[in-house]
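Peer 1: Pasting a structure below so you can have a look.
The values are calculated or read from the model by the stated rules, or taken from the named source; none is laboratory data. This structure is a prediction, so every number in the text was calculated from the model and none was measured. Methodologically, a virtual Cβ is constructed for each residue, glycine included, from the backbone with ideal geometry; neighbour enumeration extends over all protein chains shown. Protein only, heavy atoms only, side chains kept; ligands, DNA and RNA dropped before computing areas. Shrake-Rupley method; radii C 1.70, N 1.55, O 1.52, S 1.80 Å.
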Amino acid sequence: MSQDVREVNFDGLVGPTHNYAGLAHGNVASMRHGGLTANPREAALQGLAKMKSLMEAGFAQGVLPPQQRPDLGALRDLGFTGDDASVLARAAQEAPQLLRAVCSASSMWTANAATVTPSADAPDGRVHFTAANLQSSFHRYLEPRTTARVLAAMFRDPAHFAHHPVLPATPAFSDEGAANHTRLCAGSGDNGHGEPGVHLFVYGRQAFGGQHGPTRYPARQTLEASQAIARQHGLSDAQTVFAQQNPDAIDAGVFHNDVIAVGNGPVLLYHDMAFRDEDATLDALRARMSTPLIPVRVPSEAVSLEDAVSTYLFNSQLLSNPDGSMTLVVPGECQENETVWRTIQDLLLAGYNPISEVLVKDVKQSMRNGGGPACLRLRVALSSAERQALGGRVLLDESLHGDLTAWVERHYRDRLAPEDLADPQLAQESLTALDELTQLLGIGAVYPFQLG
């Protein structure tokens, strides 16, 4: 097996219309902060600072561009007519929630962008992508077409990369991407990502069947969607485990599996309320993995579901170091919660597992909208040949970080309240910024306004 495979974390650039609209039902943080004034510039710079610090620590880092927002085409499809200013003004007056939806910068949470199978696991030896349909919410349903174009522009060489159709945007095939997918594999340092892996797909409900589901908040991933993606990517039964998320956890605000569990190499860090059937899930993983599973279980007595959701302890990045140890990247909220911070020190760092270091990152602008460090990145394991085949300038280095920082400072506002979304100047500022960004990244025309 190739020993030059590295996992690249592709972080989403926060868009110029980053705002707190409280659009995500079931996402407690998003709902709690709805209506507050946001700082798009600070949000984008916080994301870039996290990327830069991980790059400097030796982890491979990439970037994904934001969506075109506001999505005036969506408003026109819904019957708003006239020039851009008229469309925005009428939407603000008649349907302010729709205006907030078409201005959402939620694409920064690229864990929802797609599900990825590395070439080590695919029958044809290529990296496979399926952009998520995100049909559970209108503001995210607007993303997949542009996401698919962006992924095709970046991962463009058909000799190395395969792109599959977005699943039908119906409740039966509700798909939220890699936020409900974890790949486990051998753990000998970063090169372990080149070994064959086992794919854990976690779903909230079964569309064609009668499993018990949540009653308070919606389950956003279906078993049928996860099975369809596994088929698209050519994964066999021996490579996959399908596990139902604990319905009580969803009702507590765990809207995606990556809010309650994170895996890397042979390690699965999870809360004891993560899965409907914990023992069966672990047994299935053990039966399929070629290396011993290392489960790191956090009991409710140590961290309550409420604290898990409020601090996003499990929405952390778990990264492989060259020596086989692992680094856990947590949001600052974990350090501010005494119980969670003590658990990190006593259970994780002092336990019998490869986690040897914890890095604390400030991503408050993202956290207030309901996304932590793990939400902000899409994990893609790439060989050196696959990295060289990437289209554009999308792997982060000092030069690109400097250019992106200057780009943000040039184009982003430092204050954005809900009433500002109707400003036609904001729409023009966003298009100007995105047009410059595609040139900076060298990915060509990917946005509707660039494609006519």
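Peer 1: Considering only the stretch 103-111, I want to know if a residue exists there that is in contact (Cβ under 8 Å) with a residue 24 or more places away in the chain and over 16 Å from Leu13 (Cα atoms).
Peer 2: Within the stretch 103-111 (the criterion being in contact (Cβ under 8 Å) with a residue 24 or more places away in the chain and over 16 Å from Leu13 (Cα atoms)), the answer is no, since none of the residues qualifies.
Peer 1: Just one of Leu349, Leu359 is in contact (Cβ under 8 Å) with a residue 60 or more places away in the chain, surrounded by fewer than 17 Cβ atoms within 10 Å (Cβ to Cβ) and at negative phi; which is it?
Peer 2: Leu359
Peer 1: Does Leu382 meet the test of being surrounded by fewer than 22 Cβ atoms within 10 Å (Cβ to Cβ), aliphatic (A, V, I, L, M) and touching a strand residue (DSSP E or B) at 6+ places or on another chain (Cβ under 7 Å)?
Peer 2: It is false that Leu382 is surrounded by fewer than 22 Cβ atoms within 10 Å (Cβ to Cβ), aliphatic (A, V, I, L, M) and touching a strand residue (DSSP E or B) at 6+ places or on another chain (Cβ under 7 Å).
Peer 1: Can I ask one more? So which residues in the stretch 1-53 are crowded, with 20+ Cβ neighbours inside 10 Å, modelled with pLDDT under 80 and either at positive phi or among the aromatic types (Phe, Trp, Tyr) (or both), if there are any at all?
Peer 2: Correct list: Gly22, Gly26.
Peer 1: Sticking with this one: Inside the stretch 61-82, can you point out the residues that are surrounded by fewer than 20 Cβ atoms within 10 Å (Cβ to Cβ), outside any loop (DSSP other than H, G, I, E, B) and not basic (Lys, Arg)?
Peer 2: Of everything in the stretch 61-82, those that are surrounded by fewer than 20 Cβ atoms within 10 Å (Cβ to Cβ), outside any loop (DSSP other than H, G, I, E, B) and not basic (Lys, Arg) turn out to be Gly73, Ala74, Asp77.
Peer 1: Something else about it: Failed condition for Gly213, given (1) in a helix (DSSP H, G or I); (2) surrounded by fewer than 24 Cβ atoms within 10 Å (Cβ to Cβ), with all others met?
Peer 2: (1)
Peer 1: Here's something else I'd like to know. So if I check each of Pro196, Pro218, Pro168, Pro158, which one is touching a Cys at 6+ places or on another chain (Cβ under 8 Å) and either surrounded by fewer than 22 Cβ atoms within 10 Å (Cβ to Cβ) or part of a strand (DSSP E or B) (or both)?
Peer 2: None of the other options fit; the residue is Pro196.
Peer 1: Pick from Gly324, Gly332, Gly253, Gly263: which is at pLDDT below 95, among the small types (Gly, Ala, Ser) and buried (at least 17 other Cβ atoms within 10 Å of the Cβ)?
Peer 2: None of the other options fit; the residue is Gly253.
Yes or no, residue by residue, for (1) of a type in the set (A, V, I, L, M, F, W, C); (2) closer than 16 Å to Ala57 by Cβ; (3) not in a strand (DSSP E or B):
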{"residue": "Asp323", "(1), (2), (3)": "no, yes, yes"}
{"residue": "Asp346", "(1), (2), (3)": "no, no, yes"}
{"residue": "Asn353", "(1), (2), (3)": "no, no, yes"}
{"residue": "Ser356", "(1), (2), (3)": "no, yes, no"}
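Peer 1: Suppose the filter is charged (D, E, K, R), within 30 Å of Asp307 (Cα to Cα) and open to solvent by 10 Å² or more (accessible area, probe 1.4 Å); does Asp248 pass it?
Peer 2: Yes; evaluated as a whole, the condition is true for this residue.
Peer 1: Every residue in the stretch 399-416 that is touching an Asp or Glu at 6+ places or on another chain (Cβ under 9 Å), among the charged types (D, E, K, R) and assigned to a helix (DSSP H, G or I), please.
Peer 2: Residue satisfying the conditions is Arg410 alone.
One line per residue, one yes/no per condition, for (1) in contact with a His (Cβ under 8 Å, 6 or more places away or on another chain); (2) under 16 Å from Arg69 (Cβ atoms); (3) modelled with pLDDT under 95:
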position: Asp397; (1), (2), (3): no, no, no
position: Ala406; (1), (2), (3): no, no, no
position: Glu409; (1), (2), (3): no, no, no
position: Leu426; (1), (2), (3): no, yes, no
position: Ala433; (1), (2), (3): yes, yes, no
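Peer 1: Can you tell me which residue in the stretch 89-146 is farthest from the chain's Cα centre (by Cα), limited to those that are assigned to a loop (DSSP other than H, G, I, E, B) and of a type in the set (Ser, Thr, Tyr)?
Peer 2: Ser119
Peer 1: Of a type in the set (D, E, K, R) and either surrounded by fewer than 16 Cβ atoms within 10 Å (Cβ to Cβ) or under 17 Å from Met154 (Cβ atoms) (or both), is that true of Glu436?
Peer 2: Judged against the criteria, Glu436 is a match.
Peer 1: Okay, moving on. Spot the failing condition for Gly392; the list is (1) of a type outside the set (Ser, Thr, Tyr); (2) in a helix (DSSP H, G or I); (3) in contact (Cβ under 8 Å) with a residue 24 or more places away in the chain, and only one is missed.
Peer 2: Unmet for Gly392, out of (1) of a type outside the set (Ser, Thr, Tyr); (2) in a helix (DSSP H, G or I); (3) in contact (Cβ under 8 Å) with a residue 24 or more places away in the chain: (2).
Peer 1: Being in contact (Cβ under 8 Å) with a residue 60 or more places away in the chain and open to solvent by 20 Å² or more (accessible area, probe 1.4 Å) is the filter; apply it to the stretch 399-418 and report the residue that is nearest to Ser106 (Cα to Cα).
Peer 2: Only one residue fits best here, namely Pro418.
Peer 1: Additional query: Quick test for you: out of Gly324, Gly332, Gly372, pick the one residue that is closer than 20 Å to Gly177 by Cβ and not hydroxyl-bearing (Ser, Thr, Tyr).
Peer 2: It is Gly372.
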